[in-house]
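Please treat every number below as a calculation from the coordinates, not as lab data. Remember, it's a predicted structure, so these values are computed and weren't measured experimentally. Neighbour counts are summed over all protein chains in view; Cβ atoms, including those assigned to glycine, are modelled from backbone coordinates with ideal geometry.
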Amino acid sequence: MPAFLRSQMRNIAPFVTLIALIVFFGVSSPSFATLDNGANILTQISVTGVIAVGLTFVILCAEIDLSVAAIANATGIVVAYFTLQENYVNIANVPLPGIAAIVLAVLACAFLGLVNAVGLTVIGIPSFIMTLAMMQIGAGICALLVRGQIAYAVPDFVATMGAGRIGPVPWIVIVLAVFLLAGHVVLTYTRFGRYVYMTGGNREAAEYSGVNVKLVLGAVMVISAVCSGVAGMLGVAHFGSAQQNEFDGYLLDAIAAVVVGGTSLFGGRGGIGNTIIGLLILGVLNNGLDHVEIDSFLKILIRGLILLVALIINVYVQAVRENEQSN
Amino acid sequence: MPQASEAVSGDVPARLAMSGVSKSFGGVAALRDVDFTLRAGEIHGLVGENGAGKSTLMKIIAGVHTRYQGRMTLDGHPVHFRSARDALAAGIGMVHQELSVVPDLTVAENVYLGKQPTRGGIVDWRAMFEGAREHLASLGIEVDPRARMGSLTIGLQQLIELARVLFSGARIVILDEPTSALSPPEVQRLFEVLRSVRASGRSIVFISHFLDDVLAISDTVTIFRNGRRIVSEAAAGVDKAWVIERMIGRGHEELEESYTGNIALDSKPRAPVVLAVRGLGAGRAFADVSLDIRAGEVLGVYGFMGCGLIELARALFGKLRPKAGTLAIDGKTVRLSNTAAARRAGIAFVPESRRSMLFYREPVYKNMSIAVLGRIGRLWLQPSAERAIARRHAEALSIRPPTVETLLQSLSGGNQQKVALAKWLTWPPRVLVLSEPTRGMDVGAKDDVVAILRRLRDEGLAVVVLSTEPETVLSLADRIVVMKKGRIVGEFAGEAVSKDRLLEAA
C-alpha cells in the first residue's frame, strides 16, 4: 500500500464503507435511495448525533463516557418534570415557565458532567468506572422523578426544536448541524481544541508543556454531558414522551458512530468529520436494513458485526502507526 | 593486565568463570573480551561508570542477554542460559535496584511468592508464616511475617527480597545498587546479612556507584571501563582514589572530552537570584533541598541514579507536589499546584525522556507552539503565526529538515531534542530546568545543545541542569551542587573541579 493511502486509512476506510452501504441498499431496495428517505435518515441520526459530538471530545482525549445515554434520559425527564403535564399524568411535578425548565435541565446535565469531571481528575477514578457509576445515577434520577409514569409535555421551544419543521427541514436536523459545526470549529480552530488533541496524543508531553491536562479532561466531560442533555431534551420532544430507559440504545450508537467514523480510541486522532461519516454509516445501516427483506432479529447481529469490523480497523491502524514509529 | 584476583582468594574454587565474553548492540561493543571469576563464599564488588559494561555482564550471567561470544562455566561445567528462568534454575538470582516485591501481600507471601506451601490444594498459611519467620531469622532478619510488605521500610523490603531469592535456591546473588536508597544504619544491617550469606558459602556480586560501600563489604573489586575489565583486586588493599582513577582512566584514547583534568567554574555569586528553593522535601525522594538559581548562570546538579534528582526536577515544574519547603521567584513565593502554574510562573522544563516531551505524530510546528499557544492567541489558534515562529526557531537552531510541516517522528534524535528546547524559547522563561539534556546524543548534537544553552545563559536566563552523567554537568555548569540520597552534600563554586572530585563527593 502506498504510504499516503496507509496514513489516510483511518479516514478512507469509513468513507468507503459508507459508499458501499449506500450502493448496496440503493440497488437492493427501490424505496431506499429517495430524497424523502434521505431526510428520514438525517432525522433518525439527530439525537445520536448531538450525543456523539460531545463524545468525540471525550474519545479524542483517550477517555470514555458511558453515562451519555443516562444523562440524556435524566435531562429529558428533568425538563418534563418542570413543565405542566396533562391531568392524567400522575407525577407530582413542579410546573415552571418554559425557559426556567430548560435552564434547570441544562444546569442539571452540566452538574452531572461536573461530577464525572471531579471523579476523573480530582479523585482519579478511571473514566470507564466513573461514568459507569454515573450511568446508574442517571437512571436513578429518572426513576425517582417519573416513578414508572410517562410524561408528555415539554416546553414549547423544546417541542419545536425536537419535533417541528421549518419549511421541509426538521429543526432537529438543523440543531444537529449547528452542534456538529460548533464542535468542529472548537476542535479545529481554538486553543482548547488543540489542547484536546495534544492531551489525547501524549498526555505526559502535554503536561510537560504546561498544559493543564486535568482542566482539559474535566472540560470534555462537562461538554459531553451538556451535549447529551441537549440530545435528551430534543429526544423527549421527538419521541413525544419522557420515560425511563428511553435512551438505552443511544449509548452504544453514539460510541459506535464516533469509533466507526475513525476517531482513535487511543486519543489524538480523528474529529467531527469522522463522526459525521460514522453517524451516516450507522444511519444508513439502521434505515437500510428496514428497506430490505431481512429477519429483524438478524439486524441486531449485523450491527454488532459492523461495529466489530470498525473496531478492528481502528486498532489495526493504530498498530501500523506504532510500527512505523518504532522503525 | 595482571590477573590480580587469582592470588587473592588462593585456591578457593571458582563458582562462576567467564572467559573471552564479548557482546555488542547494533554494532556498538558493550563488552570486549571480558574474563570474570566469581568464587564460592565471596562478595565481589563491581564498579564502573554508566555504560562501562557492568550491567551487560550481569544480564548475561542472569540469562537476560542470551546471545554473546565467549564461554561461561558454573562449578566447572560449561553453561549457556537461554532465559532468566534457566539462570534461576541453575541457582543465579538477582535483586534489582527497583524492587519487585508485591506491596499488598504479607512478608511471608512475598518470601514464598509463586510456591506457597499447600495442604490438600489449599494454602497452608500456618506453615507459610512459620517457615518464613524461620528463614528470615536464619539470615538475622527479625520481622513479623504477617506484616504487609508495603508497610515496611525500603531497607527491610530489600532484605526480604534478598531472602526470597536465597529461598528460591540461589547460590549466586547479584545485587544492583543495593545501598542507593538506604540510610547508614540500614546499610550496616544489609552488610551483616550479606556476611551471613557469605558464611554459608554462597557468592554475591555487589554492583554499586557508592565506592565506600563497595570497598567496605567486598572481598574482591573488579573495575570496568568502556566494556573492558580493567582490573580485579583484593578490596582490602585499595582505596577510593585508586578505584576512581581506574574507573575514569588517564590519558586514554576516547574521542569525547573526558573531563579528567580540572574545569574552572565561572560562577556568578553576585548575579540576582531568580528561583530560590528553600528546604524543599518530598517524602523519601529528597529532603531539605535549598538552592539559589541565578540569572545568567547554569547551575549543575549531579548525583547517582536514584539520588532524587529526577524527583527534584519534577518538583521544580509543579509535576510533583513537595511535602515541605518553599519556592520563590524574584523573591515572591509561588505555589506550583500543576505544570500550568509553573509555566505561568516562568519556569520551563525539558524532561530526560523525549518521549514524555514531544508529540511524535504531530508536525514540528505544533510541537514548538504548544507551550506558548496562549501567548499567540487567547481563544483562537493563529496557524500562520505558529508556523512563522517555528520557522524562526528551526533556522536559529539549525533543525533539519527545516520544513515545519514535517511530522516530528521523522526527525533524528538530536533534532527532536532541539525541538523540545525550542518550544520554550519563543518567549524565554525566567528559569529553564533540564533533566539529562544530552543523554543518548551523538557528539555533534551534544555540542549543539551545549552551545544553545550557553547562549541562553549569556542572554540572562537562569538555567538548571540535572544529570547523573558527570560529563554533562561539567560541560555545562558554572556552579555544581552534588546530591546524595535525596540531600545536597556538596557544592563547587568559583573554583576548579574535576570528575574525580565530583565522583568522590557523591
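Numerical summary
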quantity: For the range B:458-474, Karplus couplings with θ = phi - 60° (6.51, -1.76, 1.60), whole Hz, Gly/Pro x; calculated: 5, 7, x, 6, 8, 10, 10, 10, 10, 7, 9, 9, x, 4, 4, 5, 5
quantity: Where GluC sites (Glu not before Pro) in DSSP loops with at most 15 other Cβ within 10 Å are excluded, longest remaining stretch of chain B; calculated: B:258-404
quantity: For chain A, size of Cβ-based charge dipole, Lys and Arg +1, Asp and Glu -1, in debye; calculated: 600
quantity: Residue-averaged 222 nm ellipticity for chain A, from DSSP H runs of 4+ at -39500 (n - 2.57), nearest 500; calculated: -24000 deg cm²/dmol
quantity: Largest-first ellipsoid semi-axes for chain A, taking √(5λ) over the Cα gyration tensor eigenvalues, angstrom; calculated: 32, 27, 16
quantity: Residue mean of other protein chain beta carbons inside 10 Å, B:281-292; calculated: 0
quantity: In sequence order, calculated HN-Hα J values of the range B:334-339 (Karplus, 6.51, -1.76, 1.60; Hz; x Gly/Pro); calculated: 10, 10, 9, 7, 7, 5
quantity: Overall form of the range B:239-381 per C-alpha gyration tensor (a/c, 1.5; a/b vs b/c); calculated: prolate
quantity: Within 10 Å of each Cβ in B:355-366, the average number of Cβ atoms from other chains; calculated: 5
quantity: Inter-part distance where the range B:189-219 and the range B:447-506 are each reduced to a Cα centre, Å; calculated: 32
quantity: Between helix B:154-167 and chain B: long-axis angle, C-alpha atoms, 0 to 90°, nearest 10; calculated: 40
quantity: For B:Val238, residues with placed amide H under 5 Å, excluding near neighbours; calculated: none
quantity: Over 19 Å between alpha carbons, listed pairs B:Lys23/B:Lys59; B:Lys446/B:Lys484; B:Lys268/B:Lys332; calculated: B:Lys446/B:Lys484; B:Lys268/B:Lys332
quantity: A:Leu84-B:Gln382 pseudo-label distance in nm [points 7 Å out on the Cα-to-Cβ vector]; calculated: 5.4
quantity: Three-way shape label, the range A:226-319, alpha-carbon gyration tensor, a/c 1.5; calculated: oblate
quantity: Peptide A:207-220, shielding by other chains (average Cβ, 10 Å cutoff); calculated: 6
quantity: For A:Ile281, net neighbour charge (Lys/Arg +1, Asp/Glu -1) across residues whose Cβ lies under 13 Å away; calculated: 0
quantity: Where N is the number of residues in the range B:284-340, Cα Rg divided by 2.2 N^0.38 Å; calculated: 1.15
quantity: Under Karplus coefficients 6.51, -1.76 and 1.60, residue-wise ³J(HN,Hα) of the range B:278-294 in Hz, glycine/proline x; calculated: 10, x, 5, x, 8, x, 7, 5, 7, 8, 6, 8, 10, 9, 10, 10, 9
quantity: Simple label model, 7 Å out from Cα along Cβ direction - A:Asp295 to A:Arg165, nm; calculated: 3.7
quantity: The protein assembly as shown: equivalent-ellipsoid semi-axes (sqrt of 5 x gyration tensor eigenvalues, Cα, Å); calculated: 59, 33, 27
quantity: A:Arg165 long-range amide H proximity, modeled H, under 5 Å; calculated: A:Trp171
quantity: Between the range B:333-384 and the range A:20-57, the alpha-carbon center distance in angstrom; calculated: 41
quantity: Label-point gap, in nm, between B:Asp33 and B:Trp427 - each point 7 angstrom along Cα→Cβ; calculated: 6.0
quantity: Built amide H within the under 5 Å cut-off of B:Val231, gap 5+; calculated: B:Ile223
quantity: Overall form of chain B per C-alpha gyration tensor (a/c, 1.5; a/b vs b/c); calculated: prolate
quantity: Relative contact order for the range B:359-428, counting Cα pairs under 8 Å that sit 6 or more residues apart, in percent; calculated: 46
quantity: Gyration tensor over alpha-carbon atoms, the range B:97-170, equivalent ellipsoid semi-axes in Å; calculated: 19, 13, 12
quantity: Cα convex hull volume per residue for the range B:373-459 (Å³); calculated: 109
